[in-house]
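Single-structure report; data block below.
FYI, it's all coordinate maths here, none of it is from the lab. Only a predicted model underlies this, so the values are computations on that prediction, with no experimental measurement involved. Here Cβ is always computed from backbone atoms with ideal geometry, including for glycine, and neighbour counts include all displayed protein chains.
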Amino acid sequence: MTEIDDEERRRLLCETYYRDVYEFMIYFTGNRNNAEDLTQEVFLRALDALRRYEERSSMKTWILTIAKYVAIDHARKKRIRSWFELDMLKGITSSLGSPEKELQVKEERQQLIAAMQKLKPKYRNVVIFRGLKEYSIKETAEILGCSEAKVRVDYHRAVKELKGYLKGYMEGAWARGLSR
C-alpha cells in the first residue's frame, strides 16, 4: 500500500465513522467533553492499528468494537458520580416551538440519560446500539463480541430496568417507546 493510499484510507476512516463513534460516546458517557476526548482516543487507537486490520468484520464493526473497549476503559477509571453530568444537553436548540414543550422534552432527555447511567455498562451498550442507534441484532452482537441470543436477552433486561427507572417520572411515555 502506498503512502497516498494509506493516507486516503485514514482520512476516509475518520470521515466515515466519526459521527457513529462520537454519538456512541455521547450516549455512553452523557458528557460532550468526555465524548470528544474518547472519540479522539478511539481514532488514535484505530489509526495506530489500521495496518493490522484484517477485514474479518466490517470496518464499522471493527471501529465500534474499539469504541466499546475505550468506553469500558473510561468507565473503569471514572466513578459513577462523574457520569451524571448532562453537559451534552446544553445548547440544544428547539424545533418544538413553545418553551413549555422544549422544557418537557429536555427534562425527558435528562431522565432518560440519568436512567441509562444507572444501567450496567453491558446493558447500556446494548441499549445504545439496538435502541438508539438501531443497529441489527447481528451487528450489535459483532460489535459487542457476543451471541445474538445474548444481545436479545440483555436488551430485554435493559429495557425492563429502564422502564423501572423511568416509570414514576415519565408515566410510561418513554418506556413504551423503548420496547418497540
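Quickly rank 12-24, 29-41, 100-112 as a protection proxy: mean count of other C-beta atoms within 10 Å, highest first. Walk me through the numbers before you get to the answer.
Details: 12-24: 16.5, 29-41: 19.4, 100-112: 14.3.
Peptide ranking by packing, descending: 29-41, 12-24, 100-112.
Using the number of other C-beta atoms within 10 angstrom as an exposure proxy, rank HIS74, HIS156 with the fewest first. Before the final figure, lay out the partial values.
Details: HIS74 20, HIS156 12.
So the residues, fewest neighbours to most, are HIS156, HIS74.
Please give the FRET efficiency for LEU132 paired with LEU12, using the beta carbon to beta carbon distance and R0 = 22 Å, rounded to the nearest 0.05.
Working: r = 25 Å, r/R0 = 1.13.
FRET efficiency, LEU132 to LEU12: 0.30.
In nm, give the distance between the simple-model label positions of ARG56 and VAL105, each being 7 Å from the Cα along the Cα-to-Cβ direction.
The modelled label-to-label distance comes out at 4.4 nm.
How high is the FRET efficiency from LYS160 to GLU23, r the C-beta distance, R0 30 Å, rounded to 0.05?
0.80
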